[in-house]
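First comes the structure, then the notes that go with it.
The values are calculated or read from the model by the stated rules, or taken from the named source; none is laboratory data. Note that this is a predicted model, so its numbers are computed, not measured. Here the Cβ is made from the backbone with ideal geometry for all residues, glycine too, and neighbour counts use every protein chain on show.
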Amino acid sequence: MTDFNSAATYFEDISFDEVQVSSTYSFRRDEVIAFARQWDPLPVHLDDEAARAAGFEGITASGTHMLAVKQRLLHDFNLGVSVITSFGSDDTRYHAPARPGDSVRLHFRWVDKRLSKSRPSVGIARHFSELRRTDGLLLLSITDTIMIRCREAVGAEKAD
């Protein structure tokens, strides 16, 4: 049985009035190369000369790597125990490359929520995220749709 953390964000806690900002994450060169070797072995992610020939200052993190960092930083917002599943992402945009040495933060805000029509004990919510360097440069933006627990439903599960 899952131990639901009282500090978790539930459907009822979702408000649209603030942007939350995560802790900082820094892209390391060795990590960028290791990730690219395994998951996205394009030359611009592995070789400085190839990256410069493509118009970059040096190697860049793959978009998939940036998405993985975005996902990890989402956990700063205490969503883990209340999220049931993800329905997917929309409007994924890569605005600028992440490079070794870049430090980033996730800027997160809720944009929509409703109770599920087929399962009224859970909610459907959408959130918009931006991965930004600490100097403010926008690297990635994305909207995710999730199924999230309602606090009352969790309370009823505990009572059973």
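The table for this structure:
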item: Every pair of residues 6+ apart whose Cβ atoms lie under 8 Å, when the first sits in the range 19-36 and is free of Cβ contacts under 8 Å to residues at least 40 places away in the same chain while the second is in a helix (DSSP H, G or I) and of a type in the set (A, V, I, L, M); result: ILE33/LEU46; PHE35/ALA68; ALA36/LEU46
item: Residue within the range 28-35 that is under 22 Å from SER141 (Cβ atoms) and under 21 Å from the mean Cα position of the chain (by Cα) present; result: yes
item: Residue selected from the range 93-105 under the condition assigned to a loop (DSSP other than H, G, I, E, B) and charged (D, E, K, R), by the criterion nearest to ASP40 (Cα to Cα); result: ARG99
item: Residue ranges of helices (runs of 4 or more DSSP H) in the range 24-92 with at least 1 members more than 30 Å from LEU115 (Cα to Cα) and of a type in the set (Phe, Trp, Tyr); result: 29-39
item: Among the candidates GLY123, GLY136, residue that is in a strand (DSSP E or B), modelled with pLDDT of 95 or more and of a type in the set (Gly, Ala, Ser); result: GLY123
item: Residue selected from the range 1-16 under the condition modelled with pLDDT of 50 or more and of a type in the set (A, V, I, L, M), by the criterion nearest to ARG151 (Cα to Cα); result: ALA8
item: Test: ASP48 is within 24 Å of ARG132 (Cα to Cα) and surrounded by fewer than 16 Cβ atoms within 10 Å (Cβ to Cβ); result: yes
